[in-house]
Structures are given as structure tokens and as C-alpha cells.
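Everything on this sheet refers to the single structure shown next.
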Amino acid sequence: MENTQQETRKPCLTLALETSCDETSAAVVADGRIVLSNIISSQIPVHQKYGGVVPEIASRKHIENVLPVIDQALKAAGVVLTDISAIGVTYGPGLVGALLVGVSVAKALSFAAGIPLVGVNHLEGHVFANFLAHPKLEPPFMALVVSGGHTSLVHVKGYNEFALLGQTRDDAAGEAFDKVARVMKLPYPGGPYIDALAAKGNPEAIAFPRALSGKNSFEFSFSGLKSAVLNYLNSAAQKQEEINTADVAASFQAAVIDVLVSKSLQAAAVSGVGQIVLAGGVAANSGLKAKLGYECQQAGISFYYPDPILCTDNAAMIACRAYYQHQVGDYADLHLNAKPSLKLGAREAVT
Amino acid sequence: MPILAIDTATLVSSVALATVDNLLAEITLQTKKTHSELLMPHIVKLLDMAQVAKSDLKGVAVSIGPGSFTGLRIGLSTAKTLAYALQVPVVGVPTLAAMAYGCPVPGVILAPMLDAQKGNVYQALFEWHQGELKEIQPAIVTEVTAALESLSQQERPVIVMGESAVMYREKIEQIGKNLILAAPHVVIQRASSVAGLGYKLIKQGVRHDVMGLEPLYIRRSEAEVLWECRHGVAK
């Protein structure tokens, strides 16, 4: 009897929007775990010639794309608005003008359709991308969040309970990748190009610094490393020395990865958790996945990371996070505002 | 059956409910609070006080600019989404024209001016002729002092409106002559005027695509302009 009831039970659908940076995305997720649609309209080609994301242009693109993307997400999932149980939206951190488009749209949608609104922290969304990629994954675990704007270690104790162990004091890991790539005249965004170049080079060719590598320090710093790489390149150029770009990329990437991996393992040990998950745009880096995977295996820790499409900014991860907030009635009201510097795990007063 | 009208082009937040020949309700605030927080709650209050159900709305009119880029996007995001979800039409109303529409005075030039930063304004010129609003000069970005000096050379009286008229009140008084600063209830944007001009546009057959409607920025982003300067692209 109970089985039949479960089979006929309608799934709980969350619709979510993500407009925190340069991707306009909408997605529909069933029961927090099954992606029915995940439409992403990327602006990367638009920003490429500026060598980085231009906030005003990003905001303009969001308002052009947002309704078509929502409409596609609903159609691709084969559902209508009235089927949706909760609407999730990224309200921070991110570019304020970009966030405001998503937040304004989500509030209007929530009111017009009479569906509860959930304000989602973008970084928590990145962590939750792993629940979509790994249906059996459950907290507790240690999450390493690495992206263009963030580098954080988070102890995920439960679906709605997080403890931030440490984050970067200056540049995010992804930011260091982008800046080094720019000086090496690689296209924007530079991460994937450095990753590919690094695979062909010697990671021990140049000894770049590993900052804050003290025991049980969970803060990061990448600006010194970035400067060291830039100095190396500049002084070689001045002396008109030929450099091996693959070796530079490999040595730089190894310095970043060493720090990320050793701190993640220490954090897991200190917190007594047996699982590590990788999240954020830099989670697509093959060198990082390989090294962290290897070290986890050595230490008997389970290691998870999302598919590349779930590593980029996407609304499916926001819909997943929104589902778990919906489960505990963590709703926002129509005063919800964008919070560009929202911290991970922070529950900003939204009511 | 009323339409909902929204104007968030500047710090003024204004929402209204109007039928074709009757203004039901309007909330206009100049409290310098953010549109992002307050616009939706204002709309909910407006509908509630006027006892209009959201399902009774038969359209949405929105002020599309020029004005503050972020303000315009909040207004348009809200208006477009309400129209999309409630399955009603949306009409984009030029902000400066809506201001002139709210001041139906024949024999004068109406000069709404909104802040375009660094001493510049978005400005258009209008006049009323035989009961119809006519545009004399489309919206441009112009240096404010030069614009005011030029208006003072006109033979007709000029009513200067908008946040920049308030901001440059002293300059307007100093020039004097034919320049008149609009009264406080006319000098700011009013959603009731957006509704009025919105109905007019609908009657003229204007229809906007809810998916594609965008703000009327007039200006490109600073990054685009700089990039083209550096790369010597003439556009």
C-alpha cells in the first residue's frame, strides 16, 4: 500500500534562477536531486574581448535573456508554473546589478504565481551541485569551494548546517588562474588553458611559493603566488630569456593545487569527516581533481566532484539548495534584496 | 479592469492602478530606499488597498528609460515577469514622454531632464498641440548648463522637469527668463502618467514582446565606449 502511494506521489519541483555573474540560468529540479532541465545562457563570448566580466554588460545581458531562459527551462522539463512548489533565486554573493535582475524576476514570479520564494546563497549552491551529481551523497562532509571569486573550506554538517573553516585572505584561486593566464596571453577565462598547458609541463621546474601552509591553518592566500609568477615572467622578458610556458603553467598550477589539497585533507581530519567534495568553477580543473582524488584515496577518504556542467554557474544547483531550504520552511519574503558580499553559511535576515 | 503601471527610472518609486479613464490608486515615494527591496511590496500593498486581485490585471505598463540603469532593470524585470506569469500584455513607456504626458499645458515647451552623471542629463523636448503630446526633440545625453542656456533662448516658456531640474534649481533660477521649474507634484515621475501614456500607446496599436522588452538606455556601458576608444573603432 505504502509503495503504491509513493509511486503516485507527485514530485516536489523547485524552479531556480541564477544571475550572479555572467551566466543567465534557470532550472527545474525534482525532489532536490533529479535535474529535469538546466538552461544556461553563457555570456563568456561577450566579455572575452574585455579580458573579464564587465558588470554593466552582464546586467544588460541578464535582462535580455532571463525570461526566455525561464520559459525554456519550464518547457524542457515539461512542466508549467503551477506545478512548481518553490522558487529559488541566488541573492548573493555576486555582482549586485546582475543579482538584482534575478531577484526582481523571482519575486515577481513568486507573487504572480503564488509560489513560496527561497533566497539561495550561491556558494552553498556550488556545494549542493554534488547532490545532483551523486544521488547517494549525504552530509556530513568537507567541501572545498574554489571559483573565480571564492576559495573556502566548509564543514557541511547537515543539509542546512554549515561551518566555514577558512577562506582566502586576498585573491581567489580562480582569480589567480585568470590573472596569470592574462599575462601569459592566454584567452579568457584562463583556467582551462593553464590546465591544458600544465599537463604538458614539469610541475617542479620552478619553485613558486605555497602561502599559509602552516598546520591546521585553513586560510588561503594566492596574491603572493600570483606576484611570484608575474615577476618570473617579467624578469625573463627583460633578460630576453626564452621561457617554457608549459613549465610555468605546471609549476604555478602545482603550487595552487598543493595548498588546496593539503588544507582539504587536514580540514577533513580535524573535523573527523570521511568525505571530501569539490565545488565551484575551478572544480573542473583536471590537475586538481587528479591530485585531490589520489590523496583522498591514500587517506581512505571518499572524494566527490560534480560534472563540468554543474561546476559552472548554473541554476540546477540553486534549485537543489532551494529544495532543502523549502523542506525546513526557510523562505524569503518580497523584501528580499541582493547581497553582493553574502558569506557562506550566513543566514541574512531576509524577512 | 485596470492595468498596473511602474516607474523606477530614478530614486522615485511609483506604482499605479488605472483603467482607461480612471486612476484607481497610486503610491509614489521619494524616500531614497532601494527599489530592489520595496517595489514588489509596494505593488502588493497597492493591489490590496485598491481591492484589485492580481488576476484582474489586464496589462502592465512600465517606464523604460532613459534613467538609472539599475532602477530601470528592476522595474522592467518586475513588469515583464508579472506580465509573463499573469499572461497579460506589457507595454514599455518612454520615461521622459510619460513625464510630459503628466503636464498637459499648451503653448509651452516641456523639458524633462534626468541625471546622466558627470554634469550630463537625459533630455527630450515636448509640446502639447490640439490636445496631443508631440515630441520636438528625442531623448539625448547633453551637458546640463548648455542645455539650460539653450532652452532660455526659446521664445516660449519652458517648464523644466525631472530630478535634474531639482538638482539644478539654482542654475534655473539664476538664468530666469522663460525657464520655469515644475511644481513638486509634476516635477517627479508618476506611475499614473505611465499608465495614461501606456493606454494611449496601446490604443495606437503599440505592442511589446514580453520576452524581448529592454530598457531604453540611450547610453552604452562605459567599458564598451572605452574599448572602442582604445581600439579606434568608429561606430
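A few points about this structure:
- Helices (runs of 4 or more DSSP H) contained in segment B:167-235 and holding at least 1 residues surrounded by fewer than 16 Cβ atoms within 10 Å (Cβ to Cβ) and among the charged types (D, E, K, R): B:169-175, B:191-203, B:222-231
- The number of residues in segment A:305-336 that are at pLDDT 95 or above, surrounded by fewer than 21 Cβ atoms within 10 Å (Cβ to Cβ) and not in a helix (DSSP H, G or I) comes to 7.
- Taken over segment A:243-265, the criterion of being surrounded by fewer than 19 Cβ atoms within 10 Å (Cβ to Cβ), more than 13 Å from A:LEU292 (Cβ to Cβ) and of a type outside the set (A, V, I, L, M) is satisfied by A:ASN244, A:THR245, A:ASP247.
- Of all residues in segment A:337-347, at least one satisfies being of a type in the set (D, E, K, R), within 19 Å of A:LEU165 (Cα to Cα) and free of Cβ contacts under 8 Å to residues at least 24 places away in the same chain.
- Taking segment A:138-255 and the helices (runs of 4 or more DSSP H) fully enclosed by it, the elements with 3 or more residues that are free of Cβ contacts under 8 Å to residues at least 12 places away in the same chain are at A:223-238.
- Of the listed requirements (1) under 26 Å from A:SER59 (Cβ atoms); (2) surrounded by fewer than 19 Cβ atoms within 10 Å (Cβ to Cβ); (3) away from every other protein chain (no Cβ under 14 Å), B:ALA139 misses just one: (2).
- Flag for B:LEU133 being assigned by TED's automatic domain parsing to the domain that holds B:ALA111, at pLDDT 95 or above, surrounded by 17 or more Cβ atoms within 10 Å (Cβ to Cβ) and in a helix (DSSP H, G or I): no
- Verdict on B:GLY65 being among the small types (Gly, Ala, Ser), within 18 Å of the chain's Cα centre (by Cα) and more than 9 Å from every other protein chain (Cβ to nearest Cβ): yes
- Residue in segment B:51-59 that is out of contact with any Asp or Glu (no Cβ under 8 Å at 6 or more places or on another chain), within 12 Å of chain A (Cβ to nearest Cβ) and closer than 20 Å to B:PRO215 by Cα present: no
- Taking (1) within 13 Å of chain A (Cβ to nearest Cβ); (2) touching a Pro at 6+ places or on another chain (Cβ under 6 Å) in turn, B:LEU24 satisfies each apart from (1).
- When restricted to residues that are at the interface with another protein chain (Cβ under 8 Å from one of its Cβ atoms), touching a helix residue (DSSP H, G or I) at 6+ places or on another chain (Cβ under 6 Å) and either part of a loop (DSSP other than H, G, I, E, B) or under 15 Å from A:VAL29 (Cα atoms) (or both), segment A:67-120 contains 1.
The values are calculated or read from the model by the stated rules, or taken from the named source; none is laboratory data. Since this is a predicted model, take the numbers as computed values, not measurements. No Cβ is skipped: glycine too gets one built from the backbone with ideal geometry, and neighbour counts run over all protein chains shown.
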